[in-house]
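Please read the structure below before turning to the comments.
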Amino acid sequence: MSGSLDDLVTAAAAELMAAGAGNSAAISERVLAHLVDRFGVDFGFLRHNDHTIHATVLIAEWPLRPEIPDPDPLGVVHFAGADSVFARAETLKEPDVLRPEAANADYQSNIEEGTGVPAVSLACVPLLSGDVTTGTLGFVKFGDREWLPEELNALQAIAALFAQLQARIVAEEQVRY
């Protein structure tokens, strides 16, 4: 990783290590805002997989959408019947990069419904706990964007930090109850 990407991972680690159940959403948004700015993308999101209900749940996003439909088609997405991209989030193990093309038209349509943007590029990396995919960290660019391997490596490191935060919060909640 280049120095600036190393610094980016270090900054994310410092923020996320200070997070707990009470402030994790706000800190996650702050980290997403920094990453969105650094990578020059339009939108970032953090999703957690709920394997009990077989769905991916939006935890944080940046920037916040000015208008969120009710019901929000991006809030809770059940894997069964989901578009091809959301369905892959259930078991994603490696970074996934999508660019506007016919092969992911179902995903592009879902995003347009939720955001009003007709074509996007997406880079997402899994949050992993052992062999279990516990969520996804993703970044959207309106139009097309190429992702470099070193950028994806940095995102994988940051996704590991988000996965550690997720595990800490689960542990905190178990101790509390």
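Residues in segment 126-166 that are free of Cβ contacts under 8 Å to residues at least 12 places away in the same chain and within 14 Å of residue 47 (Cα to Cα): 0 in all. Here residue 98 meets the list (1) surrounded by 19 or more Cβ atoms within 10 Å (Cβ to Cβ); (2) among the aliphatic types (A, V, I, L, M); (3) touching a His at 6+ places or on another chain (Cβ under 9 Å) almost entirely, failing just condition (3).
Restricting the first member to segment 78-99 and to residues that are over 18 Å from residue 53 (Cβ atoms), and the second to residues that are in a loop (DSSP other than H, G, I, E, B), the beta-carbon pairs closer than 6 Å and six or more apart or on different chains are 97/147; 99/144.
Yes/no matrix, rows are residues, columns are (1) among the acidic types (Asp, Glu); (2) surrounded by 18 or more Cβ atoms within 10 Å (Cβ to Cβ); (3) more than 18 Å from the chain's Cα centre (by Cα); (4) in a helix (DSSP H, G or I):
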position	(1), (2), (3), (4)
4	no, no, yes, yes
22	no, no, yes, no
30	no, no, no, yes
34	no, no, no, yes
37	yes, no, no, yes
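Please verify whether segment 55-63 includes one or more residues that are assigned to a strand (DSSP E or B), among the hydroxyl-bearing types (Ser, Thr, Tyr) and over 15 Å from the mean Cα position of the chain (by Cα). The answer is no, given that none of the residues of segment 55-63 is assigned to a strand (DSSP E or B), among the hydroxyl-bearing types (Ser, Thr, Tyr) and over 15 Å from the mean Cα position of the chain (by Cα). Listed by position, the strands (runs of 3 or more DSSP E) contained in segment 67-168 that have at least 2 residues being touching a Cys at 6+ places or on another chain (Cβ under 9 Å), of a type outside the set (Phe, Trp, Tyr) and closer than 20 Å to residue 25 by Cβ are 132-142. Filtering segment 61-82 for residues that are at pLDDT below 95, farther than 29 Å from residue 168 by Cβ and either touching a helix residue (DSSP H, G or I) at 6+ places or on another chain (Cβ under 6 Å) or crowded, with 20+ Cβ neighbours inside 10 Å (or both) leaves a non-empty set. Look at (1) modelled with pLDDT of 90 or more; (2) under 26 Å from residue 12 (Cβ atoms) and you find that residue 117 fails only one, number (1). Condition test on residue 16, is it touching a residue at least 40 places away in the same chain (Cβ under 8 Å) and either β-branched (Val, Ile, Thr) or not in a strand (DSSP E or B) (or both)? Yes: the conditions hold for residue 16.
The values are calculated or read from the model by the stated rules, or taken from the named source; none is laboratory data. The structure presented is a predicted model; accordingly, all values stated were derived computationally and were not measured. Don't worry about glycine lacking a Cβ; one is built from the backbone with ideal geometry, like all the others, and counts go over all protein chains shown.
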